[in-house]
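One structure below.
The values are calculated or read from the model by the stated rules, or taken from the named source; none is laboratory data. None of the values given here were measured: they were computed from a predicted structure. Note that we place each Cβ from the backbone using ideal geometry, even for glycine, and neighbour counts take in every protein chain shown. The area values use the complete protein model at the heavy-atom level, side chains included, leaving out ligands, DNA and RNA. Shrake-Rupley method; radii C 1.70, N 1.55, O 1.52, S 1.80 Å.
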Amino acid sequence: MESLTTLFEQYGSQIPVAFWMNIKLTVLAAIGSFVLGVVLALFRISPVASLRAVGTAYVHLVRNTPLTIIMLIGVLAVWGQLKITFADDFTLNFFIFAVISLSLYHAAFMCEAIRSGVNTVPQGQAEAARAIGLGFLPAARLVILPQALRGAITPIGNTLIALTKNTTVAAAASVAEASVLMKTMIEFRPDVMVAIFMTFAVGFCLIVIPIGLLTTWASDRLAVAR
Amino acid sequence: MTQRTPEASAAAETDALIQLQGVNKHFGDFHALKDIDLTIPRGQVAIVLGPSGSGKSTLCRTINRLETIDDGGRILIDGKPLPAEGRELARLRAEVGMVFQSFNLFAHKSILDNVTLGPIRVKGKKKAAAEAHAMELLERVGVAHQAKKLPAQLSGGQQQRVAIARALAMEPKALLFDEPTSALDPEMVQEVLDVMVGLATEGMTMVVVTHEMGFARKAGDRVIFMADGAILEDTDPESFFTNPQHDRARDFLGKILTH
C-alpha cells in the first residue's frame, strides 16, 4: 500500500496532464477525420466514376495500412526527409503531425461508417430530391446526409472509440501522451507494474465509456422516424 | 371524362408538352421499354394502364430521367430535349413534378419544409414567400393544420397529399404519378384521388400510372395500355373500357373489372 502511495506522489500530477494530451488528440482528430470522412463518403456515392474510384482507393489503401506506419511516414519521411514542418515549436510540430496522421487514418473508417448510414436512407429519398430539381450536392447536403448521419451514429461512435485508444500511437511521433508516461512509470517503478497498468486501463475506460453511452443515447434519440 | 374549359381542350389538341421519340430502355438483358413514341399535349390527363412488369412505371420514371434511356431515343419537355445529366437536367427535371407510390417525403423535415425545400433551394424563392405559397397548397390538399409535423406522424393518404403539394410548389408544367394510391389503405385512396381530379379539372397536364379504373374513367382524357414494354392501345377511356382492341387488354380488363 505504501508503494502505491509513493507511486502517486511521484506521478500523480503527471497522469491527468498525459491523459489531457490524449483527449486533445482525440477531439482534433475526430473533427479532422469526420470532415475528411464526409468528403470521402460523398466521393464514394457520387455519380462521377473517377471520384468514386478516388474514394475507394483511399479507403482501401489507408484502412489497410497500420496506423504506426502512417505516423512514422509523417515523422520520418515528411518531416525528417522532406523537411516539411507545421510549427517552429518542436513539440507542437509533432503534435500536429500526430493529429494529421490520426485524421487521415480514421477518415477511412469514418467514410465507411457514414456510407453504412447512407444505406439506411431509402432510395426514394434521393429520387424525390432529384425530382424537385436538386443536384447531387444539394440533395446530399439537404436530404441524404442529415438522415445518413443519424443512421451512422453507432458506427461513428465505434470509430471514435477506436480513435481514442489509437491516440497512444502518437507516442511514435514523440507526443507525450498517456502511454509514454506509462512506459516511464513502469521503467522506474516495476515493483507496482500491475497497478500502473490498471491505472491507465481505468483512465481510458473513463474517457471511452461516456463516448459509447453518448452515441447509444444519440442514436436512439435522433433516429429518423419512417 | 372530365369537364374542361374550352381553352384547355383547344390547347390539348395542338400543343405538345411531353414527347418521347424512339425511347428504349434495357435493364441488363431485359428490354423494359420498346421503341416508345408518345406525345402528351398540354392539359391532357393520360392514364397509363397495364399488367405489372409491363413498363408503365419505367415509362413514367424516364420522363424526368429518374431512369436513363438507351442511346438514340429522345425525350422533350416543352420542345426542349432533356440532357443526360448535369445542372441543366436538374433544372428541367423540376419542370415536371413527380408523385411516387411510396410518397418519399423527406423523413427528417417537417411537412412545411418538405414543400418549401425545392422552391427555396432550386428556384431561389424567399423563405417567407415560399412558406406562404406552401401553406396555400397544403390548405388546398387539406393538410395545412399538420404543417409542423413530421411525415411519419401523418397517415398515408395525408402524406401522399403533401407529396402532391410538394410537387405543385415547384409550379411544374406537368405532373407524373407513379401508382399514387397503390400503397394506401383503401379508405385513404379517395382523398388522394379527389385532389388529383381537382388538378385534372384545372387543366394540369398529368401522366398517371394507376389501377384506379374509376379515376381513369372520370378524370382521364386518354388511356395508354402497355404490355411487355410496348404501347398496345392508345385511345380515349370510354373506348378502351367498352371496346378494347387487343386480347391482352381484354384479358387485363377482365381480371381487374370482375371484382
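Just a few scattered comments:
- Long-range HN-HN contacts of B:Gly55 with modeled amide H, under 5 Å: B:Gly229
- For the pair A and B, total buried accessible area rounded to nearest 100 Å², probe 1.4 Å: 1800 Å²
- Karplus-based coupling profile of segment A:96-101, in residue order and whole Hz: 5, 4, 5, 4, 5, 4, with θ = phi - 60° in 6.51 cos²θ - 1.76 cosθ + 1.60 and x standing for Gly or Pro.
- Between A:Lys165 and B:Lys148, the simple label model (points 7 Å from Cα in the Cβ direction) yields a spacing of 4.6 nm.
- Accessible surface, the protein assembly as shown, averaged per residue in Å² (probe 1.4 Å): 46 Å²
- √(5λ) per eigenvalue of the Cα gyration tensor, the protein assembly as shown, largest first, Å: 61, 23, 19
- The protein assembly as shown - percent of accessible surface contributed by carbon and sulfur, probe 1.4 Å: 60 percent
- Segment A:21-176: relative contact order as a whole-number percent, Cα under 8 Å and 6+ apart: 36 percent
- Of B:Pro151, B:Pro237, B:Pro81, the residue with the greatest mean-square motion in the GNM of chain B, using alpha carbon springs below 10 Å, is B:Pro81.
- Amide proton proximity set for B:Ala16, modelled H, under 5 Å, gap of 5+: B:Arg42
- For chain A, the longest principal axis of the Cα atoms and the long axis of helix A:14-45 meet at an angle of about 20 degrees.
- The solvent-accessible area of A:Ile161, taken with every protein chain present and a 1.4 Å probe, is close to 40 Å².
- Whichever aspartates and glutamates have a C-alpha closer than 17 Å to that of B:Lys148, once near sequence neighbours (fewer than 8 apart) are set aside: B:Asp113, B:Glu131, B:Glu136, B:Glu139
- Between B:Asn24, B:Asn114, B:Asn243, the GNM of chain B built on Cα springs shorter than 10 angstrom shows B:Asn243 fluctuating the most.
- For the residues A:Trp79, A:Trp217, a 1.4 Å probe over the protein chains yields an accessible-area ranking, largest first, of A:Trp217, A:Trp79.
- Burial here means at least 40 square angstrom less accessible surface with every protein chain in place than with the chain by itself, probed at 1.4 Å; in segment A:105-142 the buried residues are A:Gln125, A:Glu127, A:Ala128, A:Arg130, A:Ala131, A:Ile132, A:Gly133, A:Leu134, A:Leu142.
- Residue-level accessible surface for B:Asp234, protein heavy atoms, 1.4 Å, Å²: 80 Å²
- Partner chain coverage, peptide B:60-67 - average Cβ within 10 angstrom: 2
- Mean separation of Cα contacts under 8 Å, 6 or more apart, over the residue count of segment B:16-257: relative contact order %: 27 percent
- For the protein assembly as shown, the antiparallel share of DSSP beta bridges with both residues in that region comes to about 55%.
- In a fully extended conformation the segment linking B:Ser155 and B:Lys218 would gain 20.2 nm over its present Cα-Cα distance, using 0.36 nm per residue.
- Amide H contacts for B:Leu49 (H built 1.01 Å from N in the peptide plane; partners 5 or more residues away or on another chain; cut-off under 5 Å): B:Ile224, B:Phe225, B:Met226.
- Relative to the longest principal axis of the Cα atoms of chain B, the long axis of helix B:111-121 makes an angle of roughly 80 degrees.
- Summary of packing: across the peptides B:86-94, A:80-88, the per-residue average of other C-beta atoms within 10 Å ranks them, highest first, as B:86-94, A:80-88.
- Span from the segment A:35-102 Cα centroid across to the segment B:50-107 one, whole angstrom: 41 Å
- Heavy-atom accessible area for B:Asp35, with the other protein chains in place and a 1.4 Å probe, reaches approximately 100 Å².
- Cα-based helix-to-principal-axis angle, A:49-63 vs chain A, degrees rounded to 10: 20 degrees
- J(HN,Hα) series, segment A:65-70, from Karplus relation 6.51 cos²θ - 1.76 cosθ + 1.60, nearest Hz, glycine and proline x: 9, x, 4, 4, 5, 4
- Range of Cα positions in segment A:166-226 per principal axis (Å), largest first: 58, 26, 10
- Neighbouring Cβ atoms from other chains, within 10 Å of the Cβ of residues in B:98-105, number 4 on average.
- Packing rank of A:15-21, B:154-160, where each peptide gets the mean count of other beta carbons within 10 Å, highest leading: B:154-160, A:15-21
- Gaussian network model of chain B, Cα within-10 Å springs - most flexible of B:Val208, B:Val189, B:Val223: B:Val189
- Peptide B:117-124 has a mean of 4 when you count, residue by residue, the C-beta atoms of other protein chains within 10 Å of its C-beta.
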